[in-house]
Amino acid sequence: MPTIAQQLLRRKPIAPVGAGEPHLKRSIGLFSLTMIGVGGTLGTGIFFILSQAVPIAGPAVIWSFVIGGVVAGLTALCYAEMAGAVPVSGSTYSYAYATLGEGTAMAVGACLLLEYGVSTAAVAVGWSQYVNQLLLNLFGWQLPVELSQAPEQGGIINLPAVIVIVLCSLLLVRGARESTLVNSIMVIVKISVVLFFCAIAFTGWNVDHFQNFAPAGFAGIVGGAGIIFFSFVGLDAVSTAGDEAKNPKRNLPLAIVFALLIIVALYVLTCVAALGAQAPEEFEGQDAGLSAILQNLTGSTLPGTVVAIGAVISIFSVTLVCLYGQTRILFAMSRDRMIPAVFSKVNPRTMAPVRNTVIVMIATGVLAAVIPINFLAEMTSIGTLVAFIVVSLGVIILRVREPQLERGFKLPLGWTIPILSIAGAIAIISQLRVVTIVVFLIWTAAFLVFYWFYGRRRSALEPGRSAVDADVPLTTNVEQPSTGEVRRAGAERRKADRR
């Protein structure tokens, strides 16, 4: 019987999924993986979060995006190394399990469930804003406040937000290949719409809008970065597809880097265009911001309607990716027996975790229906930032513990990039509201209590759990895998990828 310390510190072996374990179909190539990253990121930070960040940072919100992009970029490189070394479903949870131990992995799992679940709700609320703007432009009427806002904002239920979550869930239960194809189409549409917005917004450029550039100083810039940081969650979503990616050791790192470059370029370009076209004080409380900017600038509803249509389509894809990531995190945790087995049940026809998806749909639908967007955005940001810290720390630990492990991509400059990534994430967390940090700590503590009473004794690494587990070399703080075991695991994984 292992001690409590051994249970908390035991690490999952870096090896392919064993025979008889639940698994998903490898059907996602490099282009689709990149589109998952772009689809899960581009839209949230542009189409509606400016109205939350500009009042805090002023025109210097441009630097908020740059800071967020730099921290995300450093971490994306860490993700690229980890994804190439540990190409499995579960993202940061799986990375933490392989490097820091089971107890830390469960804490990270709590972060990821918060990150994806809350971001799904936040994005759905933003989608609701643009749906209402589109209805007004096309038909001259909107849904009443009672059916389109959270109770805190004078409504009863945000019905459009619930609807988009249900639609995305129905698409996901059909399978990953169909979902990623739809997502790729939507990403192309959203990039076109963002470029359309910039082209028109730059015609109304007014340099006076940048005079009081940083009214709250550096603290305002970092505070703005804390709010918008949740819009970089799509980078993490790429690594949740480890079990479904073709040639994951090569394609996961490339997709993460490609997605980051596309996202940061479009974010900064759109932010500059929006601030040039509209005074900073007009952003506060503005729904469907980009659409409203074009309507005010041109005096016509047509450009705003085009942007609203594009936003409805593109934010749908963000919701889809966030839901996808949430279900795959739960799938990985359930396969490790940290949470109930229902989350790893795979439909034999679609090879998708259908029951898992339905449960996530209900939970996130409730959040989107009754909680306002500003609180949702901050809660997602802190979950994302903590996950980023763990990935960066995991890169350092894995290099020390398993230097012979095959890596599809290896960071330059030694430990410099992971350390800078950790420092940047901590700096942004320090600027979040106290209530956000407190709620996050309470949620994490509650999840660890669940682990103590449920997952700790049911873990797949618990001795004697099953014959399948006995065939896999146990990696704990006491016993390390040999170099031969690592090489055999790598060879088996490459064979599985080719199949």
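The values are calculated or read from the model by the stated rules, or taken from the named source; none is laboratory data. Computed from a predicted structure; not experimentally measured. Counting neighbours? That spans all protein chains shown, and the Cβs are built from the backbone with ideal geometry, glycine included. In case anyone asks, the SASA skips ligands and DNA or RNA and just uses the protein heavy atoms, side chains included. Shrake-Rupley method; radii C 1.70, N 1.55, O 1.52, S 1.80 Å.
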Under the rule rounded for a/c under 1.5, else prolate if a/b exceeds b/c, else oblate, using alpha carbon gyration tensor axes a ≥ b ≥ c, segment 305-438 is classed as oblate
Modelling each spin label as a point 7 Å along the Cα-to-Cβ direction, I'd like the L167/K345 distance in nm, to one decimal. 2.8 nm
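Pulled fully out, how much extra length does the chain show between V435 and K410, if you take 0.36 nm times their separation in residues and subtract their Cα-Cα distance? Working shown, then result.
Values: separation 25, 0.36 × 25 = 9.00 nm, distance 3.80 nm.
Roughly 5.2 nm would be gained on extension.
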Summing +1 for each Lys or Arg and -1 for each Asp or Glu, what net charge is found among the other residues whose Cβ lies under 14 Å from the Cβ of M361? +2
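Which of the trypsin sites (Lys or Arg not before Pro) across segment 321-359 are loop residues per DSSP, with 10 or fewer other Cβ within 10 Å? Present the calculation step by step, with values, prior to reporting the outcome.
Values: sites: R328, R335, R337, K345, R349, R355; in loops: R337, K345, R349.
Those that pass, being in a loop and sparsely packed, are R349.
How would you rank 139-146, 445-452, highest first, on the average number of other Cβ atoms within 10 Å across their residues? Mind dumping the intermediate values first?
Working: 139-146: 11.5, 445-452: 15.2.
The most tightly packed comes first, giving 445-452, 139-146.
Report, in listed order, any pair from K12/K410; K12/K345; K190/K345; K12/K246 with a Cα-Cα distance greater than 30 Å. Write down the numbers at each step before the final one.
On the way: K12/K410 21 Å; K12/K345 21 Å; K190/K345 34 Å; K12/K246 22 Å.
Violating the 30 Å limit, Cα to Cα: K190/K345.
Looking at the square roots a ≥ b ≥ c of the eigenvalues of the Cα gyration tensor of segment 381-462, which shape do they give, rounded for a/c under 1.5, prolate if a/b is larger than b/c, or oblate? Present the calculation step by step, with values, prior to reporting the outcome.
On the way: a/c = 3.74, a/b = 1.17, b/c = 3.19.
It comes out oblate by the Cα gyration axes.
In terms of solvent-accessible area of protein heavy atoms at a 1.4 angstrom probe, what is the ranking of S459, S192, highest value first? Present the calculation step by step, with values, prior to reporting the outcome.
Working: S459 0, S192 70 Å².
Largest to smallest exposure gives the sequence S192, S459.
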